[in-house]
1. Any residue at all in the range 437-455 that's part of a helix (DSSP H, G or I), crowded, with 19+ Cβ neighbours inside 10 Å and either small (Gly, Ala, Ser) or modelled with pLDDT of 95 or more (or both)?
2. What pairs can you find where one residue is in the range 196-212 and on the phi > 0 side of the Ramachandran plot, the other is among the small types (Gly, Ala, Ser), and their Cβ atoms are less than 6 Å apart, with a gap of 6+ or different chains?
3. Among the residues of the range 269-279, are any free of Cβ contacts under 8 Å to residues at least 40 places away in the same chain and buried (at least 19 other Cβ atoms within 10 Å of the Cβ)?
4. Would you please name the residue that is nearest to residue 307 (Cα to Cα), looking only at residues in the range 319-348 that are within 15 Å of the ligand (Cβ to nearest atom) and of a type in the set (Ser, Thr, Tyr)?
5. For residues that are within 14 Å of the ligand (Cβ to nearest atom) and surrounded by 21 or more Cβ atoms within 10 Å (Cβ to Cβ), scanning just the range 238-249, find the one that is nearest to residue 294 (Cα to Cα).
6. Considering every residue within the range 145-157, establish whether at least one is away from the ligand (no atom under 16 Å from the Cβ), surrounded by 15 or more Cβ atoms within 10 Å (Cβ to Cβ) and either farther than 30 Å from residue 52 by Cβ or not aliphatic (A, V, I, L, M) (or both).
7. Among the residues of the range 158-196, what is the count of those that are buried (at least 17 other Cβ atoms within 10 Å of the Cβ) and away from the ligand (no atom under 16 Å from the Cβ)?
8. Among the residues of the range 325-344, count how many are surrounded by 20 or more Cβ atoms within 10 Å (Cβ to Cβ) and at pLDDT 95 or above.
Amino acid sequence: MKTLFIEQTVNKIGQEVELFGWVDSKRDHKKIVFIDLRDRSGIVQVVGDECFKKLSAEDVVYIKGVVKKRPEKLANPKLKTGAIEIKTKELKVVSKAKPLPIPVQDDGYVIDEEIRLKYRYLDLRRPRMFRNLLLKSQVVTFIRNYLVDKNFLEIETPILTKTTPEGARDFLVPSRLQRGKFYALPQSPQQYKQLLMVAGIERYFQIARCFRDEDPRRDRAYGEFTQLDLEMSFVEQNDILTLTEDLFTKLVKKIFPEKHFTQSPWPRLSHQFVMKKYGTDKPDLRKNKKDRDELAFSWTIDFPLFNKQTEEDYFYGSGSAKFAPSHHMFTAPHPDDIPLLDKDPLKVRGLQHDLVLNGFEVGGGSIRIHQPEIQKKVFELIGFSEEQKKQFSHMLEAFTYGVPPHGGIAPGIDRFLMAALAEPSVREVIAFPASSGGKISVMNAPSEANEEQLKELGIKVQTH
Ligand code: ASP
């Protein structure tokens with residue numbers, strides 16, 4: 001199996017090596033031709049003769065050669081392999097490359113994003129994109145190890161499921177076996193993770209894919225995104241905040257050692273305070289907004305449990321409903337405010353917590369309602385019809401069989417990375433994001449279904 005150039009060549013002077021990689025660039029000095037050979041670990045200079053002339057950028061080649069020390073003067077301190085070069089004994093072209101539609105050597109920011117997404121498999125060759133994917137993999141691995149060490153279980157929950165009304169439009173998937181019925185892709189594993197608490201799991205997490213049919217924004221990819229979803233039983237809000245803060249503090253120290261925190265411990269600010277002082281519930285508390293390495297984490301707490309319902313809340317109650325949950329309908333009211341549920345619902349504080357980083361909401365969660373009667377009251381207040389209430393009867397029933405108090409949070413992995421790396425959009429940290437029209441350009445998805453498929457599903461398509 002191939003090892004990385006960095007491991008194969010640095011400190012291996014005099015040894016024969018076999019390298020596989022891409023031709024990053026070629027410099028033709030007539031009798032001597034140099035190529036920069038690239039793999040994911042970087043670039044190594046290879047010296048060849050006239051047979052190198054046939055090579056073009058991005059060809060995949062095999063080189064057998066000897067590692068030589070470069071003369072002092074010709075060393076390139078910018079490259080990790082800059083002190084050596086490879087003197088070629090054998091060259092094989094493994095596969096030829098046509099000229100690429102986009103350059104892949106630079107950072108790529110100025111290239112039209114639609115084209116970058118169409119040729120994403122080329123776009124991901126650029127070192128910046130590789131670094132982002134590598135860091136994401138390291139972040140996820142760190143999170144897994146940290147939580148498993150703290151006795152969390154990683155548990156998968158269904159993707160083909162029923163709607164989780166968390167404030168966005170659902171993606172629907174038609175059922176073949178039960179014609180006329182639809183699955184919904186989960187907006188988050190919210191109900192499942194709460195049911196896992198009823199099951200006695202006590203500490204759950206999942207690197208969860210969430211699906212929301214919302215328009216894309218710079219901090220929100222269209223369609224799907226990844227969250228660290230976690231839930232714990234027998235906890236108070238402070239436990240969730242403390243655990244999350246410890247996790248991300250250690251994660252940043254390990255994976256982003258060049259970054260520094262504006263404040264530690266992270267400030268916990270009430271919703272009322274931040275709205276008054278900053279006019280937003282996700283204030284950017286950085287001291288120097290130009291400093292790419294400054295991370296200003298903060299908590300926003302004491303949100304109102306409800307907002308006034310608006311047209312955007314169409315999926316909640318119809319008709320007489322006046323209130324929409326500020327977070328979601330499973331968030332517990334502050335215990336001191338329970339009497340206000342009947343008297344003045346807009347004054348009730350919720351046990352919600354938002355994690356804010358450099359002006360972005362990078363996570364949200366809450367202590368949940370675990371008393372069926374309070375849950376029923378919240379359903380009433382948001383105006384659920386009998387039909388809608390029935391959709392949640394499994395939750396209410398589950399809560400009658402011995403339910404622990406519980407709560408959790410779901411930090412967005414893509415959003416955290418975007419903010420931490422000061423990338424201009426979440427799409428820069430996702431391998432194959434959808435473009436603005438909701439299209440996965442590489443595969444040209446979505447696509448039409450054929451007659452046969454539609455017939456099986458009992459679906460007739462109307463395009464207008
Ligand atoms: N499911 C919630 C969300 O995705 C997070 C939570 O309450 O844990 O925002």
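1. Checking the range 437-455: not a single residue is part of a helix (DSSP H, G or I), crowded, with 19+ Cβ neighbours inside 10 Å and either small (Gly, Ala, Ser) or modelled with pLDDT of 95 or more (or both).
2. 202/233
3. Among the residues of the range 269-279, at least one is free of Cβ contacts under 8 Å to residues at least 40 places away in the same chain and buried (at least 19 other Cβ atoms within 10 Å of the Cβ), which makes the answer yes.
4. That would be 326.
5. Looking at the filtered set, the residue picked out is 244.
6. Within the range 145-157, one or more residues are away from the ligand (no atom under 16 Å from the Cβ), surrounded by 15 or more Cβ atoms within 10 Å (Cβ to Cβ) and either farther than 30 Å from residue 52 by Cβ or not aliphatic (A, V, I, L, M) (or both).
7. Number satisfying all stated conditions: 2.
8. Number satisfying all stated conditions: 4.
The values are calculated or read from the model by the stated rules, or taken from the named source; none is laboratory data. Since the structure is predicted, the reported quantities are computational estimates derived from the model, not experimental observations. When we count neighbours, we look across all protein chains shown, and the Cβ atoms used for this are built from the backbone with ideal geometry, even at glycine.
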